[in-house]
Each structure stands twice: as C-alpha cells, then as structure tokens.
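Below is one structure, written out as structure tokens; the observations come after it.
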Amino acid sequence: MDASLVGHRVRTLWGEDGDDVHYPATIVAFNGKKRKYKLMLHFDDGMDEPVGLPCDTIEVLEERVDACPCAACKDVPARLPFDVSW
C-alpha cells in the first residue's frame, strides 16, 4: 500500500445479515506516517473515512480519477492527491 492508490475509485461494503450495501468512494490521500489507517476515502455522498488496506470490505477498482467527484468536492474541484492529516 502506497501513494500510487490515490485517485483510484473503490467500492465499499457496509451492512450486516444480508443487508449489505455497496458505497462508491475515491482514495484522495495517503499518509505513510500512519500505522494502520494510511488512506483517506471520500464517499460519493460527501462523507470521509480513514481506512487501511487490505480490507475485505473494500474493493479497489481499476478506474482512476484526477479530481474527487464526491458531493463535498464537486463544487470546488480539487486535484488529487489532497494534502490532509488525520
């Protein structure tokens, strides 16, 4: 896992007992100083979440983007990677 994942679209799985739902997101930043949660996801609905990989509920897709398409970023397009600390 390294900064080369920034810009990849992902599909995350949330739910329990057959109520699983897939949520699309984008990897917007990498923080190599973190021990566990080195990646920041922006979900398409505008929420964000630090995550670590590998994770059995996150599928990294081949699709890549240059700007985050989430609801919070679409009005102010920002080029990836984001400079964030968490």
Unmet criterion (only one of (1) out of contact with any helix residue (DSSP H, G or I) (no Cβ under 6 Å at 6 or more places or on another chain); (2) surrounded by 14 or more Cβ atoms within 10 Å (Cβ to Cβ); (3) at negative phi) for GLU59: (2)
Pair list, Cβ < 8 Å and 6+ apart or interchain, from the stretch 43-70 residues that are under 15 Å from GLY15 (Cβ atoms) to residues that are part of a loop (DSSP other than H, G, I, E, B): PHE43/CYS70
Residues satisfying the stated conditions in the stretch 24-56, i.e. β-branched (Val, Ile, Thr) and under 9 Å from CYS70 (Cα atoms): THR26
Subset of the stretch 24-60 (residues that are assigned to a strand (DSSP E or B), touching a Pro at 6+ places or on another chain (Cβ under 8 Å) and either more than 25 Å from ASP75 (Cα to Cα) or of a type in the set (Gly, Ala, Ser) (or both)): ALA29
Flag if GLY32 is modelled with pLDDT under 90 and at positive phi: no
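The values are calculated or read from the model by the stated rules, or taken from the named source; none is laboratory data. A quick note: this is a predicted structure, and the numbers were derived from the prediction, not measured. Every residue, glycine as well, gets a Cβ built from its backbone with ideal geometry; the counts of neighbours run over all protein chains shown.
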